[in-house]
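Enquirer: One structure is given below, represented as structure tokens, and several questions about it will come after.
The values are calculated or read from the model by the stated rules, or taken from the named source; none is laboratory data. Please read these numbers as outputs of a predicted model, since none were measured by experiment. For neighbour counting, all protein chains shown are included, and Cβ atoms are generated from backbone atoms with ideal geometry for every residue, glycine included.
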Amino acid sequence: DAAHGSIHLEQFPAIPPAWRDDQLAKTWETVRMLRLAVTGAIEIARADKLIGSSLEAAPRVYLSNPEHLRSLEGVDFAEVCITSDIAIEFGAEMPESAFLLPEAPDVGVVVERARGVRCARSWRYFDPVTASPDFPDVTPRAAQALRENKLPVKPSAKTCGQCEDGNR
């Protein structure tokens with residue numbers, strides 16, 4: 001067992017057959033294919049110096065297949081694609097400049113630069129108007145995580161920097 005040796009020598013436990021969900025697997029196969037289209041477009045945008053990292057991107061994904069749209073229900077696709085934002089355009093006319101994968105010609109992606117400011121914690125770009133007053137430099141999601149972990153407020157560029165509690 002792991003107590004007597006390396007964890008790297010351990011075997012994975014057997015997975016109960018009841019856990020198998022072929023429909024879920026099919027859904028995530030589609031999500032991965034859609035992500036491949038997004039990451040392909042992002043790599044071209046990076047090569048063209050439109051963006052530096054994927055978090056600087058806010059892609060527009062043009063879909064015409066209802067199955068593709070259904071596969072994204074309940075999925076934070078921006079999180080899956082490691083982007084700051086993402087827009088799904090279902091049924092909209094796809095621009096001629098859209099990136100297309102040969103295996104998915106009905107999926108087009110146009111990369112736009114993310115708007116807003118960069119979160120000091122996650123590096124995702126966000127609208128600063130949505131920031132919490134007690135954590136002005138981070139996204140609302142990051143602020144919630146900081147609150148849950150009871151982490152202290154650190155002075156930001158917007159504070160005087162001399163107050164331990166970050167008061168202005």
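Enquirer: What pairs come out if I take residues in the stretch 105-129 that are at positive phi and pair them with residues that are outside any loop (DSSP other than H, G, I, E, B) whose C-beta lies under 8 Å away, six or more apart or interchain?
Expert: GLY116/TYR125; GLY116/PHE126; GLY116/PRO128; TRP123/LEU55
Enquirer: Also: Find the residue count for the stretch 115-138, including only residues that are touching a helix residue (DSSP H, G or I) at 6+ places or on another chain (Cβ under 6 Å) and farther than 15 Å from ASP85 by Cα.
Expert: 3
Enquirer: Can you pull out the residues in the stretch 35-66 that are out of contact with any helix residue (DSSP H, G or I) (no Cβ under 6 Å at 6 or more places or on another chain), among the hydrophobic types (A, V, I, L, M, F, W, C) and closer than 15 Å to ALA87 by Cα? I'd like the intermediate steps shown before the answer.
Expert: Filtering the stretch 35-66 for residues out of contact with any helix residue (DSSP H, G or I) (no Cβ under 6 Å at 6 or more places or on another chain) gives 36-37, 39-41, 43-50, 52-53, 55-56, 58, 60-62, 64-66.
From the residues that got through so far, the ones that are among the hydrophobic types (A, V, I, L, M, F, W, C) too are 36-37, 41, 44-45, 47, 50, 55, 58, 61.
Those that are out of contact with any helix residue (DSSP H, G or I) (no Cβ under 6 Å at 6 or more places or on another chain), among the hydrophobic types (A, V, I, L, M, F, W, C) and closer than 15 Å to ALA87 by Cα: ALA37, ALA41, LEU55, ALA58, VAL61.
Enquirer: Name, by its number, the condition in (1) at pLDDT below 95; (2) outside any helix (DSSP H, G or I) that does not hold for LEU146.
Expert: Answer for LEU146: the failing condition is (2).
Enquirer: So, restricting to helices (runs of 4 or more DSSP H) that lie completely within the stretch 1-118, which ones have at least 3 residues that are buried (at least 20 other Cβ atoms within 10 Å of the Cβ) and at pLDDT 95 or above? Let's see the steps before the verdict.
Expert: Details: elements: 22-47, 66-71, 77-81.
Because the criterion is at least 3 residues that are buried (at least 20 other Cβ atoms within 10 Å of the Cβ) and at pLDDT 95 or above, the helices (runs of 4 or more DSSP H) in the stretch 1-118 that meet it are 22-47.
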